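Data block below; observations after.
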Amino acid sequence: RPSPQLWTGRGVSEGPTTMTTSLEVQNIFGVASGCAEYCDAHTVVTQVGNALRLYDANARTARFLAGAGTGISCFATSPANGGMLAYATKGPGAPAVHVHALADLTALGSLEECGASVGISALAFSRDGKLLALASTAPERRLLVVRSDALDDEVATSPLHADAVGIAFNPFNAHDLLVTHEPEGPLSANPAATIHAIERAWDKLTTKIVHLDTRSAGVAPGSVTAAAWSPDNAVCLGTDGGVLLVCSRADGEVVAPPADVTERVSRELEKFKPRDGEVVAPPAGLARAWAATPSRARVDAIAFTRTHAVLATTTTTAAASPGGVALRFHARDGASPFGGDFRREVRLGDVGEAATSVRVGGERFDSAVVVTDRAGIYLVNVEAGDEAGDEAKGEDGASSFGFAEKIGDYHFGPVTGAAALADGGVATCGADGIVRGWDLATGACAWRVDAGGAPLAGLATGSLAAGCDCFAVASEGGVVRVYQCRGTYQSPRLLIRVRLTVAAPDALAMSPSGTRLAVAGDEKDGCVWFVETDSTTAAARVVGRVACPINFGRAIAACWTCEDQLLVAGPNATVAVVVPPAKGAVGDPADAWAVKSGAEVRSAKVELPLVAVAGAGGSGKFAAIAADRSVRAYVLPASGTTDTLKPQWTAVSGVGKAAFCGLIAAGDGRLAVAGGDGVVSTRSGEKVVSSVAAHDSDLGGACAIVACPGGRLVTAGRDGAVVVLVDAAFPEVEVDGALAEAAGKDGARRRNAPVGSEPADDPTEPVFKDQRPADDEETKEEE
């Protein structure tokens, strides 16, 4: 397998970057698996792209461990032996497990043949770090326990009735493992969690499976949403009705709480005041509940501090206290996990945001790391005060109980586009409907815009060398927005918002100067809408539409080969070369906004359909990725032709997947390619100069790549990751002098303010060509 790679990310306190002579990852923004683990007292590990991110909470810096395959399915950490990391690959071929040391990320061992043919869904270390457990998915579905210092040394195996989503060793007995299973639906009788106890029978080890039977408490197995070992050697289960159950380790039966605990739970539920006329039924399992959330909010995760049991629940309505994730702290009473009173509640995130994992760690077991389903990562101080409501002070006397620090603000879901900014930053958009601006020098999210709430399908911008200070985003609902934004520290200004298509545009491309935007429509025979922008007056307008050749079909990709030439690739191995409408031209509203002034269209055949295209710096020159995954370079003829357009050169072994691709053509024969297989590469003509597997191939790999000032390449991944790479050999991005000066002034002033959310898009809004001017004067005044 490839030797492990260590990527050192940039923290807010680091100095200038030292450029390298090959393509290397400098930083990654995102979180993939919805899980975070403490590896030691101050190192938090998360998964992002095809790597593990190791964030030092004290130094505010990050390191990255590159995955050995095409993606990482799961990981585990252990503080033993100075800290250890283990992760499972997704391929190619059968999955494997690799173990590394935390200090320098050197490889400690690999398990290439683990008995899994498809995937590994969960990993866990024992408390002392001596054992490592892994769960394979269907068709094998088995639990395997091996020694961490000799991964080929099998300790025990056990069958699983469903895919596992989590494994936890009993902290007091390394031969007891709690396995949480993938939900099988409300009618399934299989347990949601099982205990696998390794026992010695004479001279061999066997495994006893204990099913945690919640049906005896009136709770269906499919209603169990969380599970964890308690400090008293029992198992705690959370339900979708907000109930906390305790199960015996010995037989898996639900343990009935003492009468005083039942009374406390009843008092807590009485605090919930339903809305007028709302009837709230008692949650299932209430008779045996050791704790319950008054609002019946689902229990998403369970954790234990030294003095408290913590339930992570979800707030679905706005309340007096903001936040969507509620951490409810119950005092631990002696040996009983939930025998004490409810003490306090800490809220974080936005309304509707749910916790996906909660882990407790820190120097004195006084901190919790919380990951949410919206890619939020929070460090929460959970050091308890003496009494309810007391603040707990740290060594500096400043930290109070419940103080939450957000250490990650990322896209949740696929990242669908990226644009370089004049000061070296980058703007990205994603399926979460958010546009973000990133300071690549610090790794911070400088600003964010909620662009109408709908998923964003793509982003386009022009050339910094030509003075472009605009970018455009398009939503899945066909709404196009053009923003003016010089750099990271200038808040974007909306120039125009218009719905041009019913669904997401087929392609989006901005001219080098940024004064024209081309939007390939979603019509059967194909058309291109044009929008003119003027940064000087901060104005923009819709020009109209230009039809593609007959039977051209819907566009696949588009790019500008120069300021006055647009290239559109179609599905029938045809490219349309479009001369845009003349400046100031206006389409005819009576003819569906067709533009005839100055617009010209001609076509040329190519050997194969092109799935990605990029202008190569000269009129008629462009690079492309074809449907057969080859990378090609073309020069368009000066006039139309019926002959097949032959490429100047073809690299047959281009990309691993061509479903989603990004492409940069630097103009001197150098290319940068981001493929659907997750591999990012730089090329000199047909030859690959450098490559790195930066994104998760199974999740779609990379779909966009841009070159930024400062020798950086930035990719947008459908795995939710924004990857920053450096390559000193790749041509430096030039920036127009006036644009660079303006962006520099913005950066010196740091005047960007938080950008508010824009009004939500209306899915019933008519598209532009179906809109009619209002004749009524009163309506005009309202507009």
Would you mind stating whether Ala716 is modelled with pLDDT of 90 or more and either more than 27 Å from the chain's Cα centre (by Cα) or not acidic (Asp, Glu) (or both)? yes
In the range 240-264, residues that are closer than 23 Å to His196 by Cα and either open to solvent by less than 20 Å² (accessible area, probe 1.4 Å) or under 35 Å from the mean Cα position of the chain (by Cα) (or both) total 6
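Residues being more than 18 Å from Leu459 (Cα to Cα), β-branched (Val, Ile, Thr) and either buried (at least 23 other Cβ atoms within 10 Å of the Cβ) or in contact with a strand residue (DSSP E or B) (Cβ under 6 Å, 6 or more places away or on another chain) (or both): count how many of those fall in the range 543-567.
2
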Go through Ser691, Ser684 for me and flag whichever is modelled with pLDDT of 90 or more, open to solvent by 50 Å² or more (accessible area, probe 1.4 Å) and either basic (Lys, Arg) or within 28 Å of the chain's Cα centre (by Cα) (or both). Ser691
Consider Gln484 carefully, then state whether it is closer than 13 Å to Gly514 by Cα and either more than 18 Å from the chain's Cα centre (by Cα) or of a type in the set (Phe, Trp, Tyr) (or both). yes
Given the structure, is Thr461 more than 19 Å from Thr372 (Cβ to Cβ) and surrounded by fewer than 24 Cβ atoms within 10 Å (Cβ to Cβ)? no
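Which residue out of Thr501, Thr488 is open to solvent by less than 10 Å² (accessible area, probe 1.4 Å) and more than 20 Å from Val543 (Cα to Cα)? Full working, then the answer.
Details: Thr501 fails: more than 20 Å from Val543 (Cα to Cα).
Going through Thr501, Thr488 in turn, the sole match is Thr488.
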Sole miss for Glu732 among (1) surrounded by fewer than 21 Cβ atoms within 10 Å (Cβ to Cβ); (2) modelled with pLDDT under 90 is condition (2)
Given the criteria assigned to a strand (DSSP E or B) and under 27 Å from Ile407 (Cα atoms), does Arg497 qualify? no
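State yes or no: is Gly91 at positive phi and either touching a residue at least 60 places away in the same chain (Cβ under 8 Å) or of a type in the set (Val, Ile, Thr) (or both)?
Answer is yes for this residue.
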Across the range 368-378, what is the total count of residues that are within 23 Å of Thr307 (Cβ to Cβ) and either surrounded by fewer than 20 Cβ atoms within 10 Å (Cβ to Cβ) or modelled with pLDDT under 90 (or both)? 0
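Quick check on the range 138-163: of everything there that is of a type in the set (A, V, I, L, M), farther than 16 Å from Leu205 by Cα and not in a loop (DSSP other than H, G, I, E, B), which residue is farthest from the chain's Cα centre (by Cα)?
In the first step, residues of the range 138-163 are kept if they are of a type in the set (A, V, I, L, M); the result is 138, 143-146, 150-151, 155-156, 160, 162.
Now restrict to residues that are farther than 16 Å from Leu205 by Cα: 138, 150-151, 160, 162.
Narrowing further to those that are not in a loop (DSSP other than H, G, I, E, B): 150-151.
On the way: Ala150: 34, Leu151: 31 Å.
Per the stated criteria, the residue is Ala150.
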Go through the range 47-80 residue by residue and tally those that are farther than 27 Å from Asp128 by Cβ, of a type outside the set (S, T, N, Q) and in contact with a Pro (Cβ under 9 Å, 6 or more places away or on another chain). 2
Is the range 230-237 home to any residue that is within 25 Å of Phe172 (Cα to Cα), crowded, with 23+ Cβ neighbours inside 10 Å and polar (S, T, N, Q)? no
Filter the range 319-355 down to residues that are in a loop (DSSP other than H, G, I, E, B) and modelled with pLDDT under 80, then give me how many there are. 13
Residues of the range 281-301 classified as open to solvent by 50 Å² or more (accessible area, probe 1.4 Å) and either among the acidic types (Asp, Glu) or at pLDDT below 90 (or both), total: 4
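Name the single residue that is surrounded by the fewest Cβ atoms within 10 Å (Cβ to Cβ) among those in the range 138-163 being basic (Lys, Arg) and within 18 Å of Leu178 (Cβ to Cβ).
Arg142
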Within 29 Å of Ala220 (Cβ to Cβ), outside any strand (DSSP E or B) and free of Cβ contacts under 8 Å to residues at least 60 places away in the same chain: does that describe Ala197? no
Evaluate the following for Val673: is it surrounded by fewer than 24 Cβ atoms within 10 Å (Cβ to Cβ), in contact with a strand residue (DSSP E or B) (Cβ under 7 Å, 6 or more places away or on another chain) and at pLDDT 90 or above? no
Just the residues that are open to solvent by 20 Å² or more (accessible area, probe 1.4 Å), at pLDDT below 95 and more than 21 Å from Val44 (Cα to Cα), please, taken from the range 86-129. Lys90, Pro92, Gly93, Ala94, Glu112, Glu113, Gly115, Ser117, Val118
Strands (runs of 3 or more DSSP E) wholly in the range 545-634 with at least 3 residues that are over 23 Å from Arg670 (Cβ atoms) - which ones? 574-579, 600-606
Return the pair list, or none, for Cβ contacts closer than 7 Å from residues in the range 526-548 that are under 10 Å from Leu495 (Cα atoms) to residues that are open to solvent by 40 Å² or more (accessible area, probe 1.4 Å) and basic (Lys, Arg), at least 6 apart or on different chains. Ala538/Arg493
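Here's the yes/no breakdown for (1) out of contact with any Phe, Trp or Tyr (no Cβ under 6 Å at 6 or more places or on another chain); (2) not in a loop (DSSP other than H, G, I, E, B):
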{"site": "Val44", "(1), (2)": "no, yes"}
{"site": "Asn81", "(1), (2)": "yes, yes"}
{"site": "Pro92", "(1), (2)": "yes, no"}
{"site": "Leu108", "(1), (2)": "yes, yes"}
{"site": "Val118", "(1), (2)": "yes, no"}
Reported set for the range 202-223 where residues are open to solvent by 50 Å² or more (accessible area, probe 1.4 Å) and either in contact with a helix residue (DSSP H, G or I) (Cβ under 7 Å, 6 or more places away or on another chain) or of a type outside the set (Ser, Thr, Tyr) (or both) is Trp202, Asp203, Lys204, Leu205, Lys208, Ile209, His211, Arg215, Gly218
Pull out all pairs, ordered by first then second residue, where Cβ-Cβ is under 7 Å, the residues are six or more apart or on different chains, the first lies in the range 579-591 and is under 12 Å from Phe530 (Cβ atoms), and the second is part of a loop (DSSP other than H, G, I, E, B) and open to solvent by 70 Å² or more (accessible area, probe 1.4 Å). Val579/Asp564; Pro580/Asp564
For residues in the range 568-608 being under 18 Å from Asp522 (Cα atoms) and out of contact with any strand residue (DSSP E or B) (no Cβ under 8 Å at 6 or more places or on another chain), which is surrounded by the most Cβ atoms within 10 Å (Cβ to Cβ)? Pro571
Residue that is least open to solvent (accessible area, probe 1.4 Å) [pool: residues in the range 63-77 that are under 7 Å from Thr89 (Cα atoms) and assigned to a strand (DSSP E or B)]: Ile72
Scanning the range 402-435 for residues that are hydrophobic (A, V, I, L, M, F, W, C) and in a loop (DSSP other than H, G, I, E, B) gives Phe403, Phe412, Leu421, Ala422, Ala431
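The values are calculated or read from the model by the stated rules, or taken from the named source; none is laboratory data. Values in this document were obtained by computation on a predicted structure and should not be read as measured data. Backbone-built Cβ (ideal geometry, glycine too); neighbour counts: all protein chains shown. For accessibility, only protein heavy atoms count, side chains too; no ligands or nucleic acids. Shrake-Rupley method; radii C 1.70, N 1.55, O 1.52, S 1.80 Å.
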